[in-house]
Amino acid sequence: MKHILIDADTGIDDSVAILYALKSPNIHVEGIVTCFGNSGAVQSADNSLRLVKISHCGYHVPVVVGSNLSIDGEYEEGQPDIHGRNGIGNVQLPEPDYPALDVDPSDFIIQKAKELDGELIIVSTGRMTNLANALMKEPKLPKMVKKLVSMGGSLHVPGNVSEHAEANIYGDARAADMVMRAGFNMLLVGLDVTTKTFMTQEVIDKTRKHVREDCVDSLNYIEQALQFYFDFHRRGEGMLEKSFTHDPLAVLLAEDPTLGIYEMIRASVEYKAEDYKGKILTDFRFHPDYNHEAIAYCIQVNSDKAIRRLFSVFQK
Ligand code: BDR
Ligand code: CA
């Protein structure tokens, strides 16, 4: 069993990742912490609570409102053209069964790491702001968790905010720099693989034929939300009835890293030079005094297998 804490800006692809994690027999979701990004942190928490409800996962999942500002106190608007006004494609989900847990997000992350005694895997699918804040409180956090898997970055392909930067890294570049140099056992899942893996109407239709009774609500939601996402990908990328698979891949690779092939990089993030903000800087030289370990950057993924697995949890 993998004990996973999800740190998300619960938008459309985050929500598919969350539903997958909640339904996978191999994963126990220890909690969801939210962050600004696709929408605000409060909206993301509300979305997460509603997703927990429709997942019928059968256990309690604490949801904590995380940071609404970058570590430098910058405010950022959401992405209504990509994720809808409410972050989940304007889909109206039923009221949650319980409210968000009223605790400090950094304390929650640190507490979970302690409780799980080295077994916690953190999956971040948004800005790394909460993690950077947690690190400032507890610099030993990297050694207290099993692994950090983050959706973010672009190394051998262009970014999606600028030529150099991917949205999650760009959105709080100094936080990402701090986290990537902190010494986590880290796996980074960037655009190099997420833009080569597709969620399609076809796979939804196939899933529908064998959908489990307790997953009908989840699949109905995924189908509706993905229509909004497909439309964005049609306008922006000329893609028909399909979308990239960003955040779900992070959860899938956290659950089963053998789905990917990795390049080990020593990385930091540019956050000072505006034109290059969010660019992942790699250093391949030998540094005897380097104070952080290498990060496994995913350069290839078995996309067919990943998509089959993603939708398998909703089927009989
Ligand atoms: C990332 O940015 C967000 O819009 C998505 O949810 C994903 O986490 C892709 O660049
Ligand atoms: Ca996200």
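The values are calculated or read from the model by the stated rules, or taken from the named source; none is laboratory data. Since the model is a prediction, treat every value here as computed from it, not as a measurement. Note: ideal-geometry Cβ built from the backbone for every residue, glycine included; neighbour counts use all protein chains shown. Calculation scope for accessible area: heavy atoms of the full protein, side chains included, ligands and nucleic acids excluded. Shrake-Rupley method; radii C 1.70, N 1.55, O 1.52, S 1.80 Å.
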Regarding the stretch 50-57, can at least one residue be identified that is more than 16 Å from ligand 1 (Cβ to nearest atom), in contact (Cβ under 8 Å) with a residue 60 or more places away in the chain, within 14 Å of the chain's Cα centre (by Cα) and open to solvent by less than 10 Å² (accessible area, probe 1.4 Å)? no
Looking at the stretch 75-89, can you tell me whether even one residue there is in contact (Cβ under 8 Å) with a residue 40 or more places away in the chain, touching a strand residue (DSSP E or B) at 6+ places or on another chain (Cβ under 7 Å), of a type in the set (Asp, Glu) and not in a helix (DSSP H, G or I)? no
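Of the residues that make up the stretch 84-93, is at least one touching a Cys at 6+ places or on another chain (Cβ under 9 Å), away from ligand 1 (no atom under 13 Å from the Cβ) and at pLDDT 95 or above?
Our first condition is that a residue be touching a Cys at 6+ places or on another chain (Cβ under 9 Å); within the stretch 84-93, this holds for none.
Within the stretch 84-93 (the criterion being touching a Cys at 6+ places or on another chain (Cβ under 9 Å), away from ligand 1 (no atom under 13 Å from the Cβ) and at pLDDT 95 or above), the answer is no, since none of the residues qualifies.
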Qualifying position, being closer than 25 Å to Glu77 by Cα and more than 16 Å from ligand 1 (Cβ to nearest atom), among Gln201, Gln227: Gln227
Just wondering, is there one or more residues in the stretch 238-257 that are without any contact (Cβ under 8 Å) to a residue 60 or more places away in the chain, in a helix (DSSP H, G or I) and either surrounded by 22 or more Cβ atoms within 10 Å (Cβ to Cβ) or not β-branched (Val, Ile, Thr) (or both)? no
Which of the numbered conditions does Tyr271 fail, given that it passes all the others? Conditions: (1) open to solvent by less than 60 Å² (accessible area, probe 1.4 Å); (2) touching a helix residue (DSSP H, G or I) at 6+ places or on another chain (Cβ under 6 Å); (3) farther than 30 Å from Thr207 by Cα. (1)
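Collect the residues in the stretch 59-114 that are among the hydroxyl-bearing types (Ser, Thr, Tyr) and either open to solvent by 20 Å² or more (accessible area, probe 1.4 Å) or within 16 Å of ligand 2 (Cβ to nearest atom) (or both), keeping them in residue-number order. Outline the logic, then answer.
So in the stretch 59-114, the residues among the hydroxyl-bearing types (Ser, Thr, Tyr) come out as 59, 67, 70, 75, 98, 106.
Those that are among the hydroxyl-bearing types (Ser, Thr, Tyr) and either open to solvent by 20 Å² or more (accessible area, probe 1.4 Å) or within 16 Å of ligand 2 (Cβ to nearest atom) (or both): Tyr59, Ser67, Ser70, Tyr75, Tyr98.
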Over the stretch 1-44, the set of residues touching a strand residue (DSSP E or B) at 6+ places or on another chain (Cβ under 9 Å), part of a helix (DSSP H, G or I) and either away from ligand 2 (no atom under 14 Å from the Cβ) or closer than 15 Å to Ala225 by Cα (or both) is Ile12, Asp13, Asp14, Ser15, Val16, Ala17, Ile18, Tyr20, Leu22, Val42, Ser44
Quickly run through the stretch 159-201 and pick out the residues that are open to solvent by less than 40 Å² (accessible area, probe 1.4 Å), touching a His at 6+ places or on another chain (Cβ under 9 Å), over 19 Å from Val301 (Cα atoms) and away from ligand 2 (no atom under 16 Å from the Cβ). Met180, Ala182, Gly183, Phe184
